[in-house]
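The values are calculated or read from the model by the stated rules, or taken from the named source; none is laboratory data. Here the structure is a predicted model, which is why all the values come from computation and not from measurement. FYI the Cβ positions are ideal-geometry reconstructions off the backbone, even for glycines, and counts take in every protein chain you see.
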Amino acid sequence: NFEHKPAQSAVALELDGLGKSFAETKALDGVSLSIPAGRFTVLLGPSGCGKSTLLRLIAGLEMPTAGTIRLGAADITHTAPAARNLSMVFQSYALFPHLSVAENVVFGLSVRKVARKQRNERLMRVATMMGLEALLDRRPGQLSGGQQQRVALARAVISEKPVCLMDEPLSNLDAKLRAEMRVEIRALQKRLGLTMVYVTHDQVEAMTMADQIVVMNGGRIEQVAAPDELYMRPATSFCARFIGTPPMNLLPADLIAQWAHLPGGSLVGVRCEDIEIAKEGHPAQIENVEYFGADRLVSARIGEALVTLRQPAREAVPSGAVKLSWPNAAIHLFGPDGQRMTA
Ligand code: ATP
């Protein structure tokens, strides 16, 4: 059946102690992770954090130097890529320029010797689903970036593999198309009940698409959480800095009298929307105001630290010396090791 919907709690992929070294570089170091079936998991992190390497290990395009990968009940750590029950969409789309859209989409089925009649049936169904009917005879060079992306997706979907891996599939598209494709890919994943593992360095993509986000840094996992949990309770100062536009304000604790007793190197975190200009509060100097229509981003200096706050545009434009205040409940504390201290 095309629309396979696995039980929500089932684990599709289990990664245990995965490591990968390239000569001197430790690309991955002790990565353990459960990827739930039928859910959208995003691997998120800055350039070089190891997210593509992790995806390539799952795909079987690289072999780990430590650890195991299980797909369902099977240990696939050393299984050849083609024998793993998964599909992959690359950033470059990897379409064959000399083949038509139709030939590109069914390529994997042809290789697997699926009968022509069944191949054509599946092609028509996927082409309809992806809005590719009118484009089937064209070559990739005659398509827009968004259309090429859709062909690459169709090729993954037609394989009917329960697990789909995607490496930065939207990075070659302009902002408007990216926003449209985010919605399209998410809808497709839900509709087909696919287990998606999706690599991006774009936190907006991660926040808008994911059921679970895996934040990576320096070859290790910093936090695994749902988008709202990650935003509201970042486990480390790295996650606090990485999620949110603008990122969370992090002030040296010794700047804030109330927290000056914390160990040196501790940080007090406050989101920009939790800070307001008030009658009482921390003395600050306004440095810059950016207008965004509905609101403004105001930069202010508290001692040597710069903080950003979001202010509704209907309020008066602030300038000069002000007082900044935030509720205690909005505070996130991080120890000198970067780990969250607040409950
Ligand atoms: P980006 O977003 O820039 O693609 P990434 O998070 O996907 O980054 P990886 O591509 O997984 O990061 O790379 C992780 C580390 O491993 C980097 O330091 C990278 O230079 C290194 N690395 C990756 N592939 C190889 C390779 N084939 N040979 C040597 N080093 C590699």
Worksheet item: Does G269 meet the test of being modelled with pLDDT of 95 or more and either buried (at least 16 other Cβ atoms within 10 Å of the Cβ) or under 25 Å from the mean Cα position of the chain (by Cα) (or both)?
Response: yes
Discussion item. Suppose we filter L109, L123 for residues that are buried (at least 17 other Cβ atoms within 10 Å of the Cβ), in contact with a helix residue (DSSP H, G or I) (Cβ under 8 Å, 6 or more places away or on another chain), modelled with pLDDT under 90 and part of a helix (DSSP H, G or I); which single one remains?
Written reply: L109
Item to complete: Identify, by number, the condition in (1) more than 30 Å from M124 (Cβ to Cβ); (2) in a helix (DSSP H, G or I) that V214 doesn't meet.
Response: (2)
Worksheet item: Residues in region 135-148: is at least one of a type in the set (D, E), touching a residue at least 12 places away in the same chain (Cβ under 8 Å), assigned by TED's automatic domain parsing to the domain that holds L86 and more than 14 Å from F96 (Cα to Cα)?
Response: no
Worksheet item: Which residue pairs have Cβ atoms under 6 Å apart, sit 6 or more places apart or on different chains, and have a first residue in region 51-62 that is within 20 Å of N217 (Cβ to Cβ) and part of a helix (DSSP H, G or I) and a second that is more than 7 Å from the ligand (Cβ to nearest atom) and not hydrophobic (A, V, I, L, M, F, W, C)?
Response: S52/D167; T53/K20; L55/D167; R56/E62; L57/P64
Worksheet item: When you scan region 234-261, how many residues do you find that are more than 16 Å from the ligand (Cβ to nearest atom) and in contact with a strand residue (DSSP E or B) (Cβ under 7 Å, 6 or more places away or on another chain)?
Response: 16
Worksheet, complete the sentence: Of (1) more than 15 Å from the ligand (Cβ to nearest atom); (2) of a type outside the set (D, E); (3) part of a strand (DSSP E or B); (4) more than 30 Å from A240 (Cα to Cα), G17 fails just (4)
Worksheet item: Are any of the residues in region 29-40 among the hydroxyl-bearing types (S, T, Y) and not in a loop (DSSP other than H, G, I, E, B)?
Response: yes
Worksheet item: Is there a residue in region 33-55 that is within 12 Å of the ligand (Cβ to nearest atom), farther than 30 Å from P140 by Cα and hydroxyl-bearing (S, T, Y)?
Response: no
Fill in: Elements of type strands (runs of 3 or more DSSP E) in region 236-343, at least 2 residues being within 26 Å of A206 (Cβ to Cβ) and either outside the structural domain of V204 (by TED's automatic domain parsing) or not aromatic (F, W, Y) (or both)
249-252, 267-270, 295-302, 305-312, 332-334
Item to complete: Given the conditions (1) among the basic types (K, R); (2) touching a helix residue (DSSP H, G or I) at 6+ places or on another chain (Cβ under 6 Å); (3) surrounded by fewer than 21 Cβ atoms within 10 Å (Cβ to Cβ), report the number of the one that R178 does not fulfil.
Response: (2)
Worksheet item: Looking at region 1-14, is at least one residue within 16 Å of the ligand (Cβ to nearest atom), surrounded by 15 or more Cβ atoms within 10 Å (Cβ to Cβ) and under 21 Å from the mean Cα position of the chain (by Cα)?
Response: no
Worksheet item: Can you name the number of the only condition in (1) at pLDDT below 95; (2) in contact with a strand residue (DSSP E or B) (Cβ under 6 Å, 6 or more places away or on another chain); (3) among the small types (G, A, S) that A206 fails?
Response: (1)
